[in-house]
Each structure stands twice: as C-alpha cells, then as structure tokens.
Amino acid sequence: MAKVEDYIPIVGQSCIDDLRLLGERLKGKVIQHINSTPVGGGVAEILNRMVPMLRELGVDTKWDVIKGGEQFFEVTKKFHNALHGRAEEITKRDFEIFTETSQQNIENVNTYGDIVFIHDPQPIALIKKKAANKWLWRCHVDVSNPNDRVWGFLMDFIVQYDAAVFSAPAFSRKLPIGQFLIPPSIDPLSDKNKELPQQTIDAVLRKYDIKKDKPIVTQISRFDRLKDPLGVIEAFLQVRKYINCQLILAGGTAEDDPEGVKVFEDVQEKAKANKDIHIILLPHNDIEVNALQWASDVIIQKSIKEGFGLTVAEALWKARPVVASNVGGIPLQIKHKYSGLLCHSIEGASFAIKQLLGSPGYAKRLGENGREHIKNNFLITRHLRDYMLLFLSLYYPEDVIYLC
Amino acid sequence: MSELIRAKEPFRFCTRLHLSELTGLRATTLVQLASLIKEVSGSCIYHHTHRFLQQHQYLSPEPPNDFAYWVTDILGEDELGEKLASIDTVQYSTIRKLRDKIASTIEDYLNNNPLAKVKFARSDEEFYFIKSISFILPTGYIAYDLKEFSEILKKVTIDSIYFHIFEARLRLEKPTNDFALWIERSLGDKGLADELCCFDPYTRTLEDLRNTIIQVVERRISV
C-alpha cells in the first residue's frame, strides 16, 4: 500500500508538508470512523485508504463497523432510495427494524473516540451515546430532494451531532448545526487508478472476450437502479444505429445492497440479444475496473441520483472523455464542454456519446482538462487535508483560525 | 550585484488552508441573490469572490467571482455577469466595501432591466451560499534576505502565495500584500515593494503569480 510520501511526485512536496503540519496539530486526539460495511461501495473504499494514511500522518485513527443483518440492510436500502427521492413504501415495521438493530449497536459498539465520525444513515442512531466527545455525521447520499418522512426521522438524530458533512452544496439545507462541504476523492496510487502496462489492459480485455476492433463505451457502476444501467443500454442502442461501437457495463454489488442481484438480472435480460453489449460482474476487482477504464474511448455515468460519482473522477483522472448526468456531485467534477459533457436524458447521453466518438480531438481535450481538474481538487491528499481541518474546526469557533 | 540587505525581522512564510462551510442559504433569482449578498457573513462574500483562484487554477485567469459565473451561465444575464466579473477587487480594501459594490451593481442592473427580476434558476442550479473558514499555519520557512526569499518562493505551496497576496490584504485588512510590506518595512526597499503591489493579482493564475514575483525579486538581486 502506498505511503504518504509516494504522493509527492503527483501533488508536490509542500502539499505533503502541509498534511504533516496538520497531523501534528491533531496529536493526542483519537478519531473513530464508524460505517456499515468494510468492503463494497465508495465509503468503504475511501476509508480503506484514508485510515492508514491518517495514521501515517500521526493521527490516531480507528475504524469500526456496525452489525446489521439482511432485514436491517433491506430497510436501510429503502432509506437510501427514499433519501434520493425515489418513491418507496416504508412501513412502520421498517422503522421498528431500524430502531431495534440500532439499539443492539448502541449496546455493543464502543464509541471511545475524541471525535466519532459516523458515515451515512445506517449507524446514525449511535449518537444516542454522545458524551463529552465530538460527533460528526458524514452524509454520502444525494439528499437534495429527500423523502420527507425518512429525512424527518433522521433529522431527530442529525440535530444532536456537532456538525454534518455533505458532498455537494445542493445537499445542504438549513440545519441548527454546522455543515461542511467535503467532496470525496480518489486515490491515484490505488489499484483502481494507478497507471497500468498495456499488456495488463489487453489481458483483461481478452479475459472478457472484448476485442479492441471498435470503440468502447463503458459504464462502471454497481448494478443499482439509481445508476440507470437500463438507460445506458437504451442510449447505447441509439448510438449504435450510427456508429459501430460496443458497450461495457461492469460493476459489483455491495454487501448492504440486497436489490443489486435483481437489477443485474434485468440488465442481463435486456442485453442478451446484442453481442456488442458486455455485462461483467466485477466484485471488488480494482485492477480489472482500472483496465476497463483505460481501455475505453468514452466513459458514461448516467446516474439518476448520485452522492458524488467517484467513477467520474476515476475516469477523468485517466484523461478519459466522460458523459455524465448533471446530478449530485457530478457537476462539481465536470464543467460542461470543458472537462466532459453533462446530460439530462437518455437522448442527451446518446447525442453526447456520438459527439465524442465522432470528434476524437475534442474528446481528448475534454479528457485532459478533466484530469487537471481532478488533480487540483479531488485526490485523496485534498480529502485528507479537509478531514483534518474539519476535526480541528470542532475546537475553534472562528472563521479565521490561527494554528501558530 | 550589490550586497544583500539582511532584515532584522525575517519574513515568516505561512500557509492558508480552507474549509468550506455550507450555510443552507440559496438564491433562485437576482432579487434573492442581491438580498442574501447583503445579509450573509463576510466569510461568504470572501469565499465566492476568491474560490475560483484556488479551485480552478487551470481555468484562470477567469473572473474570480462565483456571482458573475452564475448570473451569466445560469440566468443568461451576460451584461450583468460582465459587470460583476470586471469589479476591480484590488481597489477594495475591505470585504464590506466589496460586498456593497457587488450588491449595488446587481440592484442598479435590476432597476434598469426589470425583466431580469423574473428569471429563475432550475432547482438544481440555484446559487448556494458557502462560507470560507481559513486556517493559518506557519510553514517553518524563514527568509532574512531577498536571496532566501526568492528560493523559498520556489518551494512553498500556492496556498502560501495565496495567503500572503490575497487573504492578508483583503480579509485581514492590511494596507498591501505581505511581501511588499516586509520588503518596504524590513528591507527598506520601497522601489521593489511598489513593484510588487502595483500589479493586479486577480488576472493571473497562482503559478503565474509565483513566477512573476520570483522574476521581479531576482531581477532586483542581480542589479
């Protein structure tokens, strides 16, 4: 696993020096992250990198995971969809299941941190254990248009925290507690984002029987309705009428997402008659994801809702031209027609893909601008810095803080 | 090359890191925008007039002003966008004065163009007010003369350059940028100090700004 100093060639020595300065200011504080799954999904991925790096910077960082069970995760998946504004039938029993499992976690999870950092709604009720320590709630979900009933239920917990953290300005709303904007990040040295030798990329394409004889359009995402894989196939079919190309839909499912299997089956059914559509289930195989992104001519991310859309940052970091929905944190990453193309519909996505496949020079320029933007704003070093500043801010009420 | 003057008080390089705090306040129309600009904290105005400098280094020189960007790109009011983008930030010594200028520019425009009052942003394209929390830390780099000063300028982050040029002057309300102040007061070189405060830093990228300062200082050393 990469060390902090390994990032110097990418972000510069002084950027790493700043991180070390901040780490020194947090000596003596224990930071405890708590989420619902150790693997799968963006949160676990970020914590798997973030926790060792914070430790290396001298910040005493721990990571604990709550226990759930199938029923609990079915309910939290419904909550997740409802927070994204999707119509969900949520029963009284669902709230009871959430409360019962939360109560078990309240009894079993030790919240020893000086700062307890709770990720997403699943462990949110642990706030009942708040003592003299500081508590943060990190919302990774797009809550720009949430279901009122679920949001209202969660608000009873949220207001007890010291501060909340959101990934995009559109997710903020008037709250009686402080709220901070911290977009997530990608790790340029991880297996998913590091540069790969051409033979590795070719080997992955061979493994999945994908020939590089026509342009590749790819969406890398969990098989989740909010990622609209069926809409991606529709858009591809519209493009395919005019341009001889192929589509890759690749991704896994997270442990806390029971709906994923059903979505995967629906996608397979829709794609089965077309030999130019490759459906690939990739549970936690980062090198293969990386290779497929590098091999692609256009990356698409046609999400209906998106907490942030880390796959967009991954693709841009590889200087790939991207077509993505104008939702959630995606417009923070793509400035339309400068570092990618934003769309609002299947037809819009199809039109944008045709533009990029038809104008490789334009596509290349968008990709290069995108890489520069990700380098400046969405790498893990910026994320580490923001988290350390966030921790420090809990101890200073001012707008200008002197750490001299 | 003349002998370098050694300062009694060295220049201590600091860096400025920032955290964005969300306010939950948003504007859909120009009327709401003007009203909230007058109401929000100075840290909000500072954020929206300086964010671009650090976040879009590759896009600069661009108007370092979120208000101008939103008015032009979202509401399609190009003329007002141009007026907001061309506000000469260097001329304002306090956030309060800058805020007054931005608000009055929008209000004057609305008085002359009443139809602009009925333009609305889509629900996902509203203007979200964000405030900037600054953290100021010493970097450990100290310069006693111009040679050390220019060598350190090559090493520090653009955040450090940013702090001493932009934040010290406008947010901390110093009469000029920190570099010019030190060179005049501690080295007694008013000519060089004047040279470092007469350009408009808002029209350059931060890397260009760094290179310009280094060139000016090195030219002075070589005289």
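The values are calculated or read from the model by the stated rules, or taken from the named source; none is laboratory data. What you see is a predicted model; the values in this text were computed from it and never measured. Please note: Cβ atoms are built from the backbone with ideal geometry, for glycine as well, and neighbour counts cover all protein chains shown.
Some observations on this one:
- Residues of segment A:30-71 that turn out to be touching a helix residue (DSSP H, G or I) at 6+ places or on another chain (Cβ under 7 Å) and not polar (S, T, N, Q), as a count: 18
- Residue that is farthest from B:ARG204 (Cα to Cα) [pool: residues in segment B:61-80 that are crowded, with 20+ Cβ neighbours inside 10 Å and at pLDDT below 85]: B:ASN65
- Residue list for segment A:206-247, filter: aromatic (Phe, Trp, Tyr) and in a loop (DSSP other than H, G, I, E, B): A:TYR208, A:PHE223, A:TYR242
- Some residue of segment A:23-40 being away from chain B (no Cβ under 14 Å) and part of a helix (DSSP H, G or I): no
- Selection count where residues are part of a helix (DSSP H, G or I) and within 14 Å of chain A (Cβ to nearest Cβ), scope segment B:10-50: 10
- Positions within segment A:5-15 being within 10 Å of chain B (Cβ to nearest Cβ) and in a helix (DSSP H, G or I), in sequence order: A:VAL11, A:GLN13, A:SER14, A:CYS15
- Selection status of A:VAL159, surrounded by fewer than 23 Cβ atoms within 10 Å (Cβ to Cβ), within 14 Å of chain B (Cβ to nearest Cβ) and either in contact (Cβ under 8 Å) with a residue 60 or more places away in the chain or over 17 Å from B:ARG26 (Cβ atoms) (or both): yes
- Residues being under 27 Å from A:ALA170 (Cβ atoms) and part of a loop (DSSP other than H, G, I, E, B) - total across segment A:79-102: 7
- Residue count, segment A:386-404 (criterion: in a loop (DSSP other than H, G, I, E, B) and of a type in the set (A, V, I, L, M)): 2
- Number of positions in segment A:340-362 that are buried (at least 24 other Cβ atoms within 10 Å of the Cβ) and more than 16 Å from A:GLN219 (Cβ to Cβ): 0
- All conditions but one from (1) more than 7 Å from chain A (Cβ to nearest Cβ); (2) under 26 Å from B:SER43 (Cβ atoms); (3) part of a helix (DSSP H, G or I) apply to B:LYS154; the one that does not is (2).
- Meets criteria (within 14 Å of chain B (Cβ to nearest Cβ), surrounded by 14 or more Cβ atoms within 10 Å (Cβ to Cβ) and touching a Cys at 6+ places or on another chain (Cβ under 8 Å)) for A:PHE166: yes
- Looking only at residues in segment B:88-99 that are out of contact with any Ser or Thr (no Cβ under 7 Å at 6 or more places or on another chain) and hydrophobic (A, V, I, L, M, F, W, C), the one that is modelled with the lowest pLDDT is B:VAL90.
- Residue that is crowded, with 16+ Cβ neighbours inside 10 Å and either more than 14 Å from chain A (Cβ to nearest Cβ) or aliphatic (A, V, I, L, M) (or both), where the choices are B:ASP159, B:ASP178: B:ASP178
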